[in-house]
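First comes the structure, then the notes that go with it.
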Amino acid sequence: MGAPESKELVGPRATTSLVSRASPLVSTAQQLKTLRQVDLSKLPNQGVFREKLTPAGIDIFQINVGKLCNMTCRHCHVDAGPDRTAEMMSRETVDLCLAALDKTTAKVVDITGGAPELNPHFRYLVEQCVARGKHVMDRCNLTILLTGPCRDLPEWFASRGVEVVCSLPHYRQRNTDLQRGAGTFEKSIEALRRLNAAGYGRGDPRLRLTLMHNPAGAYLSGDQKSMEREWKEGLQANHGVTFDALIALNNMPISRFLEWLEISGNLQAYMELLVNAYNPATVPGLMCRNTLSVGWDGRVYDCDFNQMLELDTRYADGRTAHIRDFDPQQLATRAIVTARHCFGCTAGAGSSCGGAIA
Ligand code: SF4
Ligand code: SF4
């Protein structure tokens with residue numbers, strides 16, 4: 001393939017899920033193979049991710065309650081979408097997660113999806129975590145807050161002190177709509193106004209509104225601090241919207257973003273970019289070291305990315321970990337599963353669910 005025409009996620013609209021198109025990349029083995037086959041032999045360590053990552057405790061208990069989403073963004077590492085109704089965490093698994101949570105010292109519960117708010121047990125899960133004194137984070141795509149059953153969520157979250165972490169690719173309309181589809185930006189701004197009206201994003205530590213940025217193409221995130229300043233000024237001046245913090249993530253070369261990298265001819269250059277930008281200073285702060293990630297079906301992973309690649313966490317005896325036999329002692333000695341996609345977390349300033357690392 002020749003040089004890519006553009007590094008940007010250009011295209012007429014958001015896409016559809018890989019599953020709905022029966023794409024070969026539905027197979028996670030195929031995704032891993034695609035990454036392995038990129039020729040990085042001339043790069044440091046031949047592009048092999050050699051860090052041996054070890055767990056440092058479970059501070060954050062992350063629960064992915066399903067792949068159903070009202071949107072189908074091009075860069076989605078979950079392959080979420082409106083058609084993903086089958087992958088939905090059951091009440092039974094929610095209760096197993098809560099029982100497991102009680103065996104940990106985790107102070108934070110990070111609820112994600114898809115659009116997690118679409119899981120019928122979402123509010124129950126939030127209530128139960130709040131009752132346990134946990135700091136609850138909802139990973140929200142903003143537009144979901146404008147849909148019928150979710151319209152009351154800003155106030156509902158506020159009365160429970162839930163932190164809302166909202167993905168908004170960019171503070172400018174063009175970049176956001178390129179990734180998420182036409183009209184997304186306008187809806188996102190409306191949702192942010194509603195969160196502001198409920199008290200979010202105005203400096204109250206109990207009502208924290210965090211925005212999450214990821215690049216609209218095959219390049220790394222910019223400097224998180226200076227972007228935060230720029231976004232705060234831009235959103236306030238142009239839309240009267242405020243927020244508390246911005247976190248910047250790199251796009252992970254898996255799932256739909258991997259598909260786009262391949263189709264657009266950007267895969268080779270993007271992997272070279274990630275490997276060349278490898279920053280060892282990010283390693284101590286990688287999220288797989290202090291987070292555990294549970295999938296909709298109760299399988300346990302080192303992180304949300306490993307979850308999407310079905311790289312299960314294993315106990316020392318080789319068994320794959322499941323929430324029903326959750327054993328924090330055994331998990332404390334596990335080897336974190338790594339592969340080439342891990343360069344997505346360690347490039348530049350690093351990238352985790354909490355944003356830049358170093
Ligand atoms: S990136 Fe988020 S909002 Fe977009 S399709 Fe994936 S889960 Fe849904
Ligand atoms: S993808 Fe990132 S968070 Fe997950 S195991 Fe690799 S380095 Fe750790």
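The values are calculated or read from the model by the stated rules, or taken from the named source; none is laboratory data. Given the structure is predicted, the values throughout are model-derived calculations rather than measurements. Backbone-built Cβ (ideal geometry, glycine too); neighbour counts: all protein chains shown.
Structure values in brief
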read-out: Matching residues, segment 14-30, being under 21 Å from Gln179 (Cα atoms) and part of a helix (DSSP H, G or I); value: Leu25, Val26
read-out: All positions within segment 345-358 that are in contact with a helix residue (DSSP H, G or I) (Cβ under 6 Å, 6 or more places away or on another chain) and either without any contact (Cβ under 8 Å) to a residue 40 or more places away in the chain or not in a strand (DSSP E or B) (or both); value: Thr346, Gly350, Ser351, Cys353, Ala356, Ile357, Ala358
read-out: Scan of segment 54-67 for residues that are part of a loop (DSSP other than H, G, I, E, B) and crowded, with 21+ Cβ neighbours inside 10 Å, ordered by number; value: Ile58, Val65, Lys67
read-out: Which listed residue, of Val94, Val109, is more than 16 Å from ligand 2 (Cβ to nearest atom), surrounded by 15 or more Cβ atoms within 10 Å (Cβ to Cβ) and under 17 Å from the mean Cα position of the chain (by Cα); value: Val109
read-out: Which numbered condition Thr282 fails, given (1) more than 17 Å from the chain's Cα centre (by Cα); (2) closer than 26 Å to Ile58 by Cα; (3) free of Cβ contacts under 8 Å to residues at least 60 places away in the same chain; value: (3)
read-out: Flag for Cys303 being buried (at least 20 other Cβ atoms within 10 Å of the Cβ) and either within 23 Å of Val65 (Cβ to Cβ) or aliphatic (A, V, I, L, M) (or both); value: yes
read-out: Scope segment 321-345; condition over 27 Å from Ser17 (Cα atoms) and not aliphatic (A, V, I, L, M); matching residues; value: Arg324, Asp325, Phe326, Asp327, Pro328, Gln329, Gln330, Thr333, Arg334
read-out: Among residues of segment 1-18, those that are at pLDDT 95 or above and in contact with a Gly (Cβ under 8 Å, 6 or more places away or on another chain), counted; value: 1
read-out: Identity of the residue in segment 308-334, within 12 Å of ligand 2 (Cβ to nearest atom) and either free of Cβ contacts under 8 Å to residues at least 12 places away in the same chain or under 26 Å from Gln268 (Cβ atoms) (or both), that ends up surrounded by the most Cβ atoms within 10 Å (Cβ to Cβ); value: Met308
read-out: Residue within segment 35-53 that is away from ligand 1 (no atom under 16 Å from the Cβ), assigned to a strand (DSSP E or B) and of a type in the set (A, V, I, L, M) present; value: no
read-out: All positions within segment 149-200 that are surrounded by fewer than 24 Cβ atoms within 10 Å (Cβ to Cβ), small (Gly, Ala, Ser) and out of contact with any Lys or Arg (no Cβ under 8 Å at 6 or more places or on another chain); value: Ala158, Ser159, Gly183, Ala197, Ala198, Gly199
read-out: Residues of segment 335-351 satisfying the condition of being surrounded by 18 or more Cβ atoms within 10 Å (Cβ to Cβ) and away from ligand 1 (no atom under 16 Å from the Cβ); value: Ile336, Thr338, Arg340, His341, Cys342, Phe343, Cys345, Thr346, Ala347, Gly348, Ala349, Gly350
read-out: Among the residues listed as Met137, Met88, Met71, the single one being surrounded by fewer than 21 Cβ atoms within 10 Å (Cβ to Cβ) and within 15 Å of ligand 1 (Cβ to nearest atom); value: Met88
read-out: Flag if Cys76 is surrounded by 19 or more Cβ atoms within 10 Å (Cβ to Cβ) and either within 21 Å of Arg324 (Cβ to Cβ) or more than 10 Å from ligand 1 (Cβ to nearest atom) (or both); value: no
read-out: Among (1) surrounded by 15 or more Cβ atoms within 10 Å (Cβ to Cβ); (2) within 16 Å of ligand 2 (Cβ to nearest atom); (3) not in a loop (DSSP other than H, G, I, E, B), the one test that Glu117 misses; value: (2)
read-out: Tabulated pairs, segment 229-245, first among the acidic types (Asp, Glu), second surrounded by 16 or more Cβ atoms within 10 Å (Cβ to Cβ), C-beta under 6 angstrom, 6+ apart or interchain; value: Asp244/Gly201; Asp244/Arg208; Asp244/Leu209
